1. Is there a simple number for the mean count of other chain Cβ atoms within 10 Å of the Cβ of residues in A:76-82, and what is it?
2. Choose one of B:PRO5, A:PHE132, A:GLY59: the residue whose Cα lies farthest towards the positive end of the charge dipole of the protein assembly as shown (beta-carbon charges +1 Lys, Arg; -1 Asp, Glu; about the Cα centre).
3. Just want the answer: with Cβ charges of +1 for Lys and Arg and -1 for Asp and Glu, which residue in B:VAL134, B:GLY64, B:CYS101 is farthest toward the dipole's positive end in the stretch B:33-140?
4. So what's the net charge close to A:ALA183: Lys and Arg +1, Asp and Glu -1, counting the other residues with Cβ under 10 Å from its Cβ?
5. Name the GluC sites (Glu not before Pro) in the stretch A:1-55 that are in a loop by DSSP and that have at most 10 other C-beta atoms within 10 Å, would you?
6. With a/c under 1.5 counting as rounded, go ahead and sort chain A into rounded, prolate or oblate using the C-alpha gyration tensor (a ≥ b ≥ c being the square roots of the eigenvalues; past the cut-off, prolate if a/b is larger than b/c, else oblate).
7. Between A:MET15 and A:VAL36, what length in nm is gained on full extension when 0.36 nm per residue of separation is reduced by their alpha carbon distance?
8. If packing is taken as the average count of other Cβ atoms within 10 Å, what order do A:17-26, B:1-10, B:90-99 fall into, highest mean first?
Amino acid sequence: MQEPLTREQYFGARMISDPLCLYDFCLECDGAVAVVTTSAERARDLRHPPVFVGASANGGHGRWGQAITWMGMPDEYFASSGHRPVAKRLYDMAEVGPADVDVALLYDHFTPMVIMQLEDYGFCGIGEGGPFVADGNINWPDGGLPVNTHGGNLSEAYIIGMTHVKEAVEQLRGSAVNQVSGAEVALVTGGPASIPVSSLLLHN
Amino acid sequence: MRGVPPVDVIGLSTSPSTEPFWQATAEHRLVVPRCTTCGTFRLPPSPFCFHCRSQEVEWIEHDGAGEIYSFTVIRHAVIPQVAEALPFVAAVVELPGTGGCRLVGNVVDCDPAEVRIGLPVTLDWYDVREGESVPVLRLV
């Protein structure tokens with residue numbers, strides 16, 4: 001998306017599949033992102049400031065994969081992104097919690113998945129994602145948890161989520177276009193809905 | 001029947017674990033596999049019980065009556081062949097007595113604006129071709 005999207009344009013767009021309208025779906029894009037990984041020791045000698053992997057987790061709830069094609073997921077997490085068990089593993093592994101995350105790059109092929117991931121990663125209570133967003137908490141630069149500062153899959157480019165990794169790295173190097181001041185910990189998530197889902201916690 | 005895609009875009013392919021389900025639908029019967037080891041129902045039909053990993057099932061007939069658990073109204077033709085069917089309603093219905101098994105089907109011959117979560121529906125059948133019928137839902 002090259003131009004600002006107004007609230008009026010968003011709500012005025014045609015409905016595709018209720019309640020999702022035109023701007024709730026990401027665009028198919030061509031592009032490529034490369035990530036160079038190496039040991040922390042070697043990274044220190046390279047030209048760019050290193051960004052460290054604090055934790056990575058991949059998987060999902062056992063019932064989720066069996067159930068999703070026929071929408072048979074148990075009630076307790078029907079309206080979720082499928083990330084809850086992975087979020088817990090990620091935080092446990094990195095020994096941090098949602099309050100420690102400075103910027104979140106949430107996989108956003110469809111708008112509702114952002115709201116559900118905010119809940120599943122503990123940034124707000126289950127079922128409170130809508131009001132949490134409406135209150136401005138995910139805004140840049142003034143919200144407590146800026147989300148998808150690069151525009152995400154929905155508004156920058158849909159390179160199957162890899163631009164989220166790139167944005168997290170730039171945020172932690174202090175070189176992002178929409179820089180979150182003093183960002184030290186970034187959450188990157190991948191592939192909500194069908195399992196396996198995956199996520200990364202990066203820090204500088 | 002309004003609210004279903006044309007027959008030429010529907011093709012059923014079965015596997016050993018789903019074949020009894022689709023054989024029953026051809027006779028306008030809905031059957032739900034129940035694990036003979038632990039008694040857990042499951043849909044869609046699948047090779048292993050998600051609860052106990054057993055492969056043995058018995059096929060329990062269900063009348064398909066239930067309440068709408070969730071739904072969407074499709075207003076965009078992902079493929080041009082479904083354009084004439086727009087708008088149509090895809091709904092999820094929870095089947096009472098199955099421990100939470102759900103069936104996905106189009107709500108046919110309805111005004112999409114009238115569909116709500118919690119409304120009761122009954123089962124009907126969309127005959128695609130000889131030997132192939134697909135379950136659909138009707139508002140009560």
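Each value in this text was obtained by applying a stated rule to the coordinates, not by laboratory testing. As the structure is a computational prediction, the values presented were derived from the model and not from experiment. Virtual Cβ from ideal backbone geometry, glycine too; neighbours counted across all protein chains shown.
1. Average neighbour count from other chains, rounded to a whole number: 1.
2. Towards the positive end, the residue furthest out is A:GLY59.
3. Looking along the dipole axis, the top candidate is B:CYS101.
4. In short, -2.
5. Those that pass, being in a loop and sparsely packed, are A:GLU28.
6. Taking the square roots of the gyration eigenvalues as a ≥ b ≥ c, chain A is oblate.
7. Computed gain between A:MET15 and A:VAL36 is 3.5 nm.
8. By packing density, highest mean first, the sequence is B:90-99, A:17-26, B:1-10.
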